[in-house]
Amino acid sequence: MLRFTNYFDTKTLDPFILEKGFEAVRYEATSGSVGYYHLPKNSQPLVDELQDLYHQIERRFNTIAIIGIGGSSLGIKAIDRLLRPSTPNAKKMVYLENSDPVAVMQGIKQIDKFRTLFIVISKSGGTVETMSIFKYIIHTFELTLDCSDQILVVSDEDSILSHFADEHHLRRFVIPANVGGRFSILSAVGIVPLTLAGFDTKSILRGGEGFLERFWRREEEHTIQKAAYYVSHREHYPMNVLFGYSDSFEEFGKWVVQLWGESLGKRNRRGERVGLTPISLIGSVDQHSFLQLIVEGPLDKTVTFMHIEHSEEHLMIPELSLSHLEKTDFVNGHCFNELINAQCEATLQSVLKSGVVSVDEIVWKAIDEVSVGELILYFEVLTSLSGALLEINTYNQPGVEIGKEILAAYFHKG
């Protein structure tokens, strides 16, 4: 379970704004125009379907290679990183994302052709990085395409990648048309590879479904309050820092950055440029690089602190006093989890005492599948609420599409 606390003043928020946000996302969900709200329930039959396939590949493959980028890989990596310590028998996952040749070669070196299941993920089917890497994989490993049980495809129903899969009789899974790529982690995009790797995806879905049920009952009001506060104060606080106190949060932070940045950086109905810039930090490492800027730098940031109450690793700091280093002995005999949580609390309090930085907190009782599902839906709903209040289309990305057109034109010149 997760505990959410908003430390900023919510009493001054306009009740009309709160209702406007809630009604907007409720309409998105009930009208069917935005499909991610229904994934926690609708993806459960997919998990059941995948159980048979899992048993077929369990002994044959020990590695799953994800060929995808952005919304097709970030969420998978985030969940993999969070749950890997508690799921040690999960299959190794290799991520082939960027067109950086060094990264491609490093990924290739981790792959045993005969022991790897390749999953190609692209909502549109035409993502140039993904298709280029897929071609290189086929060429390098001399993969047989027709009727291959070593290649799975995840894409839109009528995409060019789906047509390719059908032509070669490859097994494919469909991303619902009303689910955008960066909101698709609980669709086939994430459920297929994570289930086949051995993660308990049903519990992840259950966590997401539970959060949504509470939200619709108005039991997660802090989410609406946070969105309303952020949007109402966006001119003063245009940047939002997620300060996660565990290395396990690094990939999740990258997922949040894409979700938040690509969804909210838009022109509103009046043509005005709006948005909230996401920044992901890891504590305590970034206390030594970014904290000074937060506390005494420009007053243009809100901060979300996130930490784990209980860790499965009970590592103790030895009762060892070293000459000249006695000033650090005050933590001797305590565990590392206690230290990092104390560092988080000390940092949070130092920011609060500044009296000028708005703060909220997310506390994990422990990292488990249900909590992962809860947090995914929390950030997705928070994004949708913020987009509705900013009066933008949260689910398109016209700026990204312009870049794709310029890229294609560049290569067509020759």
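The values are calculated or read from the model by the stated rules, or taken from the named source; none is laboratory data. In this text the structure is predicted, and so the values were computed from the model without any measurement. Neighbour counts run over all protein chains shown; Cβ positions are idealised from the backbone, glycine included.
Observations
- When LYS123 is tested against (1) of a type in the set (D, E, K, R); (2) farther than 26 Å from GLU262 by Cα; (3) buried (at least 21 other Cβ atoms within 10 Å of the Cβ), just one condition goes unmet, and that condition is (2).
- Cβ pairs under 6 Å, 6+ apart, first in segment 331-359 and assigned by TED's automatic domain parsing to the domain that holds ILE294, second surrounded by 20 or more Cβ atoms within 10 Å (Cβ to Cβ) and in a helix (DSSP H, G or I): VAL357/VAL351; VAL359/VAL351
- Segment 20-50, residues that are outside any helix (DSSP H, G or I) and among the aromatic types (Phe, Trp, Tyr): none
- Cβ pairs under 7 Å, 6+ apart, first in segment 111-122 and of a type in the set (D, E, K, R), second assigned to a strand (DSSP E or B): ASP112/THR63; ARG115/THR63
- Put simply, of LEU13, LEU117, LEU83, LEU96 the only residue that is in contact with a Phe, Trp or Tyr (Cβ under 8 Å, 6 or more places away or on another chain), within 23 Å of ILE160 (Cα to Cα) and surrounded by 15 or more Cβ atoms within 10 Å (Cβ to Cβ) is LEU117.
- Identity of the residue in segment 10-19, in a helix (DSSP H, G or I) and hydrophobic (A, V, I, L, M, F, W, C), that ends up farthest from SER358 (Cα to Cα): PHE16
- The conditions of being in contact with a Ser or Thr (Cβ under 8 Å, 6 or more places away or on another chain), at pLDDT 95 or above, under 26 Å from ILE17 (Cα atoms) and among the polar types (S, T, N, Q) are met by GLN225.
- Test for ALA197: is it small (Gly, Ala, Ser) and either over 30 Å from GLU312 (Cα atoms) or free of Cβ contacts under 8 Å to residues at least 60 places away in the same chain (or both): no
- From the list GLY275, GLY208, the one residue that fits, being surrounded by fewer than 22 Cβ atoms within 10 Å (Cβ to Cβ) and either in contact with a Lys or Arg (Cβ under 8 Å, 6 or more places away or on another chain) or under 30 Å from LEU152 (Cβ atoms) (or both), is GLY275.
- Here SER132 meets each of (1) touching a strand residue (DSSP E or B) at 6+ places or on another chain (Cβ under 6 Å); (2) without any contact (Cβ under 8 Å) to a residue 40 or more places away in the chain; (3) surrounded by fewer than 19 Cβ atoms within 10 Å (Cβ to Cβ) with one exception, condition (1).
- Residues of segment 51-80 satisfying the condition of being crowded, with 22+ Cβ neighbours inside 10 Å and farther than 19 Å from ILE133 by Cβ: ALA78, ILE79
- Segment 296-310: number of residues that are without any contact (Cβ under 8 Å) to a residue 60 or more places away in the chain, surrounded by 11 or more Cβ atoms within 10 Å (Cβ to Cβ) and in contact with a helix residue (DSSP H, G or I) (Cβ under 9 Å, 6 or more places away or on another chain): 2
- Within the set ILE175, ILE191, ILE224, the sole residue that is buried (at least 21 other Cβ atoms within 10 Å of the Cβ), touching a helix residue (DSSP H, G or I) at 6+ places or on another chain (Cβ under 7 Å) and either without any contact (Cβ under 8 Å) to a residue 24 or more places away in the chain or not assigned by TED's automatic domain parsing to the domain that holds ASN89 (or both) turns out to be ILE224.
- Among the residues of segment 314-329, not a single one is farther than 30 Å from ASN178 by Cα, of a type in the set (A, V, I, L, M, F, W, C), buried (at least 18 other Cβ atoms within 10 Å of the Cβ) and assigned by TED's automatic domain parsing to the domain that holds LEU242.
- Top-ranked residue of segment 60-103 - restricted to ones that are in a loop (DSSP other than H, G, I, E, B) and either in contact with a Leu (Cβ under 6 Å, 6 or more places away or on another chain) or of a type in the set (Gly, Ala, Ser) (or both), ranked as nearest to SER184 (Cα to Cα): SER73
- Candidate set: segment 238-290, residues that are among the β-branched types (Val, Ile, Thr) and part of a strand (DSSP E or B); chosen: the one farthest from SER73 (Cα to Cα): VAL274
- Positions within segment 291-321 being outside any loop (DSSP other than H, G, I, E, B) and farther than 25 Å from LEU259 by Cβ, in sequence order: GLN292, VAL295, GLU296, MET316
- Flag for HIS324 being more than 20 Å from SER248 (Cβ to Cβ), without any contact (Cβ under 8 Å) to a residue 24 or more places away in the chain, out of contact with any helix residue (DSSP H, G or I) (no Cβ under 6 Å at 6 or more places or on another chain) and assigned to a loop (DSSP other than H, G, I, E, B): yes
- Residue that is buried (at least 16 other Cβ atoms within 10 Å of the Cβ), in a helix (DSSP H, G or I), modelled with pLDDT of 90 or more and touching a helix residue (DSSP H, G or I) at 6+ places or on another chain (Cβ under 9 Å), where the choices are VAL359, VAL351, VAL370: VAL370
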